[in-house]
Structures are given as structure tokens and as C-alpha cells.
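K.L.:
Below you will find the structure I want to go over with you.
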Amino acid sequence: MQRSWTTSGRALHLELDPSLPRRTAIERALRAAIRAGALATGAPLPATRALAQDLGVARGTVVEAYDQLITEGYLAARHGSGTVVAWSGAKPARVGPSAPRAAAAPSPYRFSFKSGSPDVSSFPRAPWLAALRAALARAPDAALDYGDPRGLPALRAVLADYLGRARGVVVGEEEVVVCSSAGQALGLLARVLRAAGAERIAVEDPGLPELRRVLEAGGLAWRAVPVDGEGLVTGALQERDGAVMVTPAHQFPMGVTLSPARRAALVEWARRREAWIIEDDYDGEFRYDRQPVGALQALEPSRVIYVGTASKVLAPGVRLAWVAAPRALVTAIAEAKRLSDRQAPTLEQLALAELIRSGAFERHLRRMRREYRRRRDALLAAVARSAPRLSAAGIAAGLHLVLPLPPEGPAEAAVEAAAAARGVEVRGLGEFGAGAAPAARGVVVGYGSPPASAFDAALAALAAALAEVCGGEREDGTAERANRGRRRPAVSAPRR
């Protein structure tokens, strides 16, 4: 069916898929209109009540659709201006050589609790600069020329040593390939595994949609496999799966650790099937209740491909990641890297090698581990005070936790909207589902991204939003004792 409304003097037609739920159909139609340029950056959208009346749906359906697209960055809610388009796929028109490009829309949020982002304000600027200076002073001229696509030997050597000590990875410097990001590493692996005969890769559900798209772009079809309290459900793997990608140390986004039994079963499946396992160790260094769980790769280095990154410990702007590759694949991965962009940035490699060699990298890691634990504990206490009905999950490690929502509500969109009204960005679990099982209901809260100077204010705003839509008493009818000054939060951190 086709519906239209008039805004800014123009009629815009939306094609709503009748086979989809109405909210989903509206979201898809709006995304398509924005990507096609029918709605340009800054274009106002009709009020939710007016659009709901025009489409013949409940106003709440339109509100939830708008909120989802605000979360995804397509729309922005601006005080006094209603909802406008924050991004457009249309290319700007060129009137002449000096025609201006549209400026990027500012974020509608004051604070972001998005998952997967560290506190970039804590980047070790002085140690990084000192490491770069020291490395450049010693580096031969040849280090600045074209080199081994696997990366600088100095960096590969210190990475092999560090990964063995800190993560238990079994690898020599010859099997390390340095990439410009974990996303690039996964794209290269997709192409290499496809060339090696794998046609389909199993992925965790829920998981990060962007990584599924990277694998698909690399030529691998993907199939979603559910996750439960022990991690990936290994019994759901199929014979046709030529590979599987897992986040065993701290599953994204649910936060569970792959259990010992599942780890053993997964490795046995790979051996029996001669299949490959991609281990995405995106935040494995951050664990708070005990020492970090060792890498899965150590159980079967010939079948597990380990991927790590500097993005969480340092900053996403440091465009470096690494692959600890099985010997059977390292040559193919290096060739794929050479054909992709020849080699990772040399100056960043020199600086990181010196940072690790000097011990400054691990000193920074220890400092940030303490800081993120402090933030996590503060977040747990705030949840206990403001929304005692909620019980956080996935709290033992990483830079995010999950707040599962009770069956009786509220909806994810209601929590997102209440947070957005206070200038706070959070994301619902539904965004990460892949369709293998009914999507869990909850909110993912990343406590790494707010800068240290703004964390307390950001947490207060988030707590106010949670109190608005999730406050009240526990299921047993008792009021939250933290509100009466009790020092230990009801949702407590695990013991040290």
C-alpha cells in the first residue's frame, strides 16, 4: 500500500510493505526515502500524531519508528524544531566549483552510552608522543618504505609476546598480520575463507549487524545461531557451516562468557568438520571479577583465527588491529592485505611497538581497567536506586552491560525515548538481533564512551530516564533499600 503526506510544500510517497508489522514497514520506508535523497538532511518530518492519522496507525507506532531511526542516526529530535533528517544518502548538488557541501548534522545527544566505544579523552597522549619520537629516532630509513604486508617485524614481535602473556595466544611473529582495523581484518578473512572453500559462516545472535555486513561483503553468506547463558549454542551449528565467528570472552552484546563445555565443543566441531573459528577478542583485556579469560585460540591454534584491536584499550582513531593466523592461512591473509591497501600505517605501527615494548601500553591498560570498573560500579548503584526492578547482566567484563526489561514493560523504545529526551543515547537489544530466535528485550548501556569529566552528569541523566520508565518496587513488593541510604547497591558488582 502507498501513503503520502505533505511537508514543506512537497508530497512524499511511502511504500509500506503490507507483509511487515506496521512499525517495521514505516522504519524501512523512511530509511529508503532518506537513503534515496527524497528526504534531505535537515528536512522536517511531520508530527507523530499527524503522520499516524495519515497512515491510519496508532501514534505510538510512529513514535517508536521515529525513536528507532533517531537511535540509528537517520533522524534527530531537536528542541523546538520537532524531528528532522540527520543524514541523507543524496549527493549534494553542485552549482559551481565553489558550491558548499552540507555540513554534517550535529549529534542530538549531550551524552552517549553507546556500546563499543572507549573514553577517547583518556588516550595516553604524552606516552604515545614519547613512543613515536623514540621509535622514529631509532627506525632505519627502510622502515618508512613499502614493506611486509603483514606489518613491521618490530610490532609483530612485541604483539606475539604481549598476546602470549596477556591473552594466552599461541603465536609467533611470522603468524601475526597487522591490519588497519578489526573490520578490515574480518573482511580479509571472509575473502580468504571463501577462497578456501567456506561458503557460509555461523554468527552469534544477537550480535553486531555491521560485522555481519562486513562478512557478507567479503563473499561469505552468514547464518545466525542463538546465544544463551553459556554463550553460543554450539549444538545449533550445522554441517554446511564452514566457519563460525564468536566473541567468547565477553559475548557482544549479552556479555556472557563462553562456558568451558561450549569452548571444548566448539573446538571439537571445528576439528571434526575441518572448519574455521574466528575469535573476535574485541574487549578481552577488560575483566573485573578475576583475571581475563584466556583466548579460545590456545585450544586449537591450527583452527582458530584470533582478531584483536587497539580501539578499546587506546582509541578507535589508532587504526591498528591484528590477526593471529593459523599457519595454513597466514600467506593468503597477507596477500589479501597486500591487495587491499598494501600495509597498515607505518608511523602508528612504530609508535604502538614502542608503547608496548616500554611497558606504557600495559600501564595505561591497568589504569583504564580501574577506571572502567569504577564506572561500572557507579552505573550498577544508579540502576539499583533509580530502577530497582531491573537487574543488570553481562557485568563481569567489557565496556558495556545489559539491562533486560521485564515482560510487563516498558518497551525498549520507551526507554530510548526517555533517555533521548534528556540528551542521552542508549540502544535497545532489538537492534542487534539477527533472526535466529525471538529477540531479547533490554537496553545496552556502554559506560566507556562518556568522557571522565562528564560521566557523573551523564549517569545522572540516564538514571532520571530509567526512574521515569522503569522505576517502582521489586516484584516481591519491597522498596529499593538503596533509596534509604544503604551503601551497597542491590545490583552489586562481583567480588574482586
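The values are calculated or read from the model by the stated rules, or taken from the named source; none is laboratory data. Given the structure is predicted, the values throughout are model-derived calculations rather than measurements. Virtual Cβ from ideal backbone geometry, glycine too; neighbours counted across all protein chains shown.
K.L.:
Return the residues of the range 162-178 that are surrounded by fewer than 20 Cβ atoms within 10 Å (Cβ to Cβ), touching a residue at least 24 places away in the same chain (Cβ under 8 Å) and over 25 Å from the mean Cα position of the chain (by Cα); say none if nothing qualifies.
P.N.:
Taking the range 162-178 first, the residues surrounded by fewer than 20 Cβ atoms within 10 Å (Cβ to Cβ) are 162, 164-166, 168, 170, 172-174.
Next, only the ones that are touching a residue at least 24 places away in the same chain (Cβ under 8 Å) stay: 162, 166, 168, 170, 174.
Across the range 162-178, the qualifying residues are VAL170, GLU174.
K.L.:
From the residues in the range 30-44 that are closer than 15 Å to THR83 by Cβ and not β-branched (Val, Ile, Thr), which one is surrounded by the most Cβ atoms within 10 Å (Cβ to Cβ)? Write out each step before concluding.
P.N.:
Within the range 30-44, the first condition is being closer than 15 Å to THR83 by Cβ, and the residues that meet it are 30-31, 33-34, 39-44.
Still in the running and not β-branched (Val, Ile, Thr): 30-31, 33, 39-40, 42-44.
Numbers: LEU30: 24, ARG31: 18, ALA33: 20, LEU39: 27, ALA40: 17, GLY42: 15, ALA43: 16, PRO44: 14.
Ranking the qualifying residues of the range 30-44, first place goes to LEU39.
K.L.:
Quick one: in the range 52-77, of everything that is within 15 Å of ALA25 (Cα to Cα) and among the β-branched types (Val, Ile, Thr), which residue is surrounded by the most Cβ atoms within 10 Å (Cβ to Cβ)?
P.N.:
Filtering the range 52-77 for residues within 15 Å of ALA25 (Cα to Cα) gives 52, 54-69.
Okay, now just the ones that are also among the β-branched types (Val, Ile, Thr), so 57, 61-63.
Details: VAL57: 18, THR61: 20, VAL62: 26, VAL63: 19.
Applying the filter and picking the extreme gives VAL62.
K.L.:
Could you check, for the range 315-327, whether at least one of its residues is outside any loop (DSSP other than H, G, I, E, B) and over 17 Å from SER180 (Cα atoms)? Let's see the steps before the verdict.
P.N.:
Quick first cut of the range 315-327, residues outside any loop (DSSP other than H, G, I, E, B) only: 321-324, 327.
Subset that is over 17 Å from SER180 (Cα atoms): 327.
Yes, the range 315-327 has at least one match.
K.L.:
Quick check on ALA332: is it among the hydrophobic types (A, V, I, L, M, F, W, C), touching a helix residue (DSSP H, G or I) at 6+ places or on another chain (Cβ under 6 Å) and part of a loop (DSSP other than H, G, I, E, B)? Can you show your working first?
P.N.:
Values: among the hydrophobic types (A, V, I, L, M, F, W, C): yes; touching a helix residue (DSSP H, G or I) at 6+ places or on another chain (Cβ under 6 Å): yes; part of a loop (DSSP other than H, G, I, E, B): no.
When the stated conditions are applied, ALA332 does not pass them.
K.L.:
So is LEU237 aliphatic (A, V, I, L, M) and surrounded by fewer than 21 Cβ atoms within 10 Å (Cβ to Cβ) or not? I'd like the intermediate steps shown before the answer.
P.N.:
Values: aliphatic (A, V, I, L, M): yes; surrounded by fewer than 21 Cβ atoms within 10 Å (Cβ to Cβ): yes.
It is true that LEU237 is aliphatic (A, V, I, L, M) and surrounded by fewer than 21 Cβ atoms within 10 Å (Cβ to Cβ).
K.L.:
Go through (1) closer than 26 Å to LEU258 by Cα; (2) modelled with pLDDT under 95 one by one and return the number of the condition GLY317 breaks.
P.N.:
(1)
K.L.:
Taking the options ALA130, ALA143, ALA157, name whichever one is buried (at least 16 other Cβ atoms within 10 Å of the Cβ), more than 28 Å from the chain's Cα centre (by Cα), among the aliphatic types (A, V, I, L, M) and at pLDDT below 95. Steps first, answer last, please.
P.N.:
Working: ALA130 fails: at pLDDT below 95; ALA157 fails: at pLDDT below 95.
Being buried (at least 16 other Cβ atoms within 10 Å of the Cβ), more than 28 Å from the chain's Cα centre (by Cα), among the aliphatic types (A, V, I, L, M) and at pLDDT below 95 holds for just one of ALA130, ALA143, ALA157, which is ALA143.
K.L.:
A further question follows. Touching a residue at least 60 places away in the same chain (Cβ under 8 Å), closer than 18 Å to PHE432 by Cα and either among the acidic types (Asp, Glu) or assigned to a loop (DSSP other than H, G, I, E, B) (or both): is that true of ASP283 in this structure? Don't jump to the end; show me each part of the working.
P.N.:
Values: touching a residue at least 60 places away in the same chain (Cβ under 8 Å): yes; closer than 18 Å to PHE432 by Cα: yes; either among the acidic types (Asp, Glu) or assigned to a loop (DSSP other than H, G, I, E, B) (or both): yes.
Yes.
Matching residues to (1) in contact with a strand residue (DSSP E or B) (Cβ under 7 Å, 6 or more places away or on another chain); (2) surrounded by fewer than 20 Cβ atoms within 10 Å (Cβ to Cβ):
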site: LEU189; (1), (2): yes, no
site: ARG194; (1), (2): no, yes
site: GLU274; (1), (2): no, yes
site: ARG287; (1), (2): yes, yes
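K.L.:
Let me ask something additional. Can you tell me which condition GLN343 does not meet? The list is (1) polar (S, T, N, Q); (2) closer than 29 Å to ARG194 by Cα; (3) outside the structural domain of SER302 (by TED's automatic domain parsing), and all the others hold.
P.N.:
(3)
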